[in-house]
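Note sheet for the following structure.
The values are calculated or read from the model by the stated rules, or taken from the named source; none is laboratory data. What you are looking at is a predicted structure, and each value in this text was computed from that prediction instead of being measured. Methodologically, a virtual Cβ is constructed for each residue, glycine included, from the backbone with ideal geometry; neighbour enumeration extends over all protein chains shown.
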Amino acid sequence: MIEVQGLTKRYGPTTAVEALSFEVRPGAVTGFLGPNGSGKSTTMRMIMGLDRPDAGQALISGRPYGELRWPLREVGALLEARAFHPGRSARAHLSALAAGGGIRSARVDEVLAAVGLSDVAGRRAGTYSLGMAQRLGIAAALLGDPGVLLFDEPVNGLDPEGVRWIRELMKSLAAEGRTVLLSSHLIGEMALTADHLVVIGQGRLLADTSVRELTARGRSLEEAFFALTGASTAYRGAGSGVDAAPERNDR
Ligand SMILES: Nc1ncnc2c1ncn2[C@@H]1O[C@H](COP(=O)(O)OP(=O)(O)OP(=O)(O)O)[C@@H](O)[C@H]1O
């Protein structure tokens, strides 16, 4: 379970995230949607303790990230592709993470197999394609077998086979009872993958509802998304207009 409570983050004059509250529950894939610059990555970074909120808090299984005794065993995240030393092999990268996180070393080969990198595990990770780098990032997220997982744009740059692989992986992780928060710009993909959606615009909550309910509002999930976010897409010059109360629906 992830609990985001009144989270606020400012960068100088820019308010990246403002009084944002939502919960991400186990056993489902929760999609995290919003236009460019709406605050998705900033929110995920604050959940992972990488950015300090100006107000509010984010809890993982009831605690802030910094208070987790064995963080890698509680939460895994893919926040940036290529977050590894390019000169190290995938196996060496994962082994170092396992050693630092109190994770048995045999787990490294298990996650390499799970993401399909066993045959190239000895190669320098800097030589990996984008798809392979994403798989390595996912292997790192899965290393501690955590109950909570965050993925920021995991299908970016992947080929159709890779996109389908991610979709099935997200669903199977949720089916195992894990909490899965997934951001993506690909709304059609989100319609196929997510059960629940948290939609934000200009750092504020716009909707917290099921995919089914949101899709039923328009001809497609994409149309419903545009109707919801149109007023908060600053680069279209449509004004700020996000004062309306967010829409919440029981799951
Ligand atoms: N380190 C930073 N310094 C200054 N401004 C920042 C920083 N990080 C994010 N921002 C600003 O905060 C806002 C939210 O950015 P964020 O990257 O969280 O959005 P996002 O929803 O993840 O966007 P995208 O979909 O484009 O990845 C943007 O206006 C961005 O320019």
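If you go through the stretch 58-94 and keep only what is of a type in the set (Asp, Glu) and either assigned to a helix (DSSP H, G or I) or at pLDDT 95 or above (or both), you end up with Glu67, Glu74. Against the list (1) within 18 Å of Arg212 (Cα to Cα); (2) within 13 Å of the chain's Cα centre (by Cα); (3) away from the ligand (no atom under 16 Å from the Cβ), the condition Ala191 fails is (2). Considering the stretch 148-221, the qualifying helices (runs of 4 or more DSSP H), each wholly inside and each with 2 or more residues that are in contact (Cβ under 8 Å) with a residue 40 or more places away in the chain and under 26 Å from Gly62 (Cα atoms), run over 160-175. Quick one: would you say Ala174 is away from the ligand (no atom under 13 Å from the Cβ), of a type in the set (A, V, I, L, M), under 30 Å from Lys9 (Cα atoms) and in contact with a Lys or Arg (Cβ under 8 Å, 6 or more places away or on another chain)? So Ala174 does not fit the description; no.
Taking the stretch 116-152 as the range and being of a type in the set (Val, Ile, Thr) and either touching a Gly at 6+ places or on another chain (Cβ under 9 Å) or closer than 27 Å to Pro64 by Cα (or both) as the test, the residues that pass are Ile138, Val148. For the condition within 16 Å of the ligand (Cβ to nearest atom) and over 21 Å from Arg135 (Cβ atoms), Arg45 qualifies. Does Leu136 satisfy being in contact with a helix residue (DSSP H, G or I) (Cβ under 9 Å, 6 or more places away or on another chain), crowded, with 21+ Cβ neighbours inside 10 Å and under 25 Å from Ser210 (Cα atoms)? Spelling it out, it is not the case that Leu136 is in contact with a helix residue (DSSP H, G or I) (Cβ under 9 Å, 6 or more places away or on another chain), crowded, with 21+ Cβ neighbours inside 10 Å and under 25 Å from Ser210 (Cα atoms). Look at the stretch 40-51: where a residue is in contact (Cβ under 8 Å) with a residue 12 or more places away in the chain and at positive phi and a partner is more than 8 Å from the ligand (Cβ to nearest atom) and assigned to a loop (DSSP other than H, G, I, E, B), sitting 6+ places away or on another chain with Cβ atoms under 9 Å, you get Gly49/Pro64; Gly49/Leu68. Consider Gly144 carefully, then state whether it is among the small types (Gly, Ala, Ser) and over 17 Å from Arg178 (Cα atoms). Taking the combined requirement at face value, the residue does not satisfy it. None of Gly62, Gly39, Gly56, Gly76 is within 12 Å of the ligand (Cβ to nearest atom) and not aromatic (Phe, Trp, Tyr) except Gly39.
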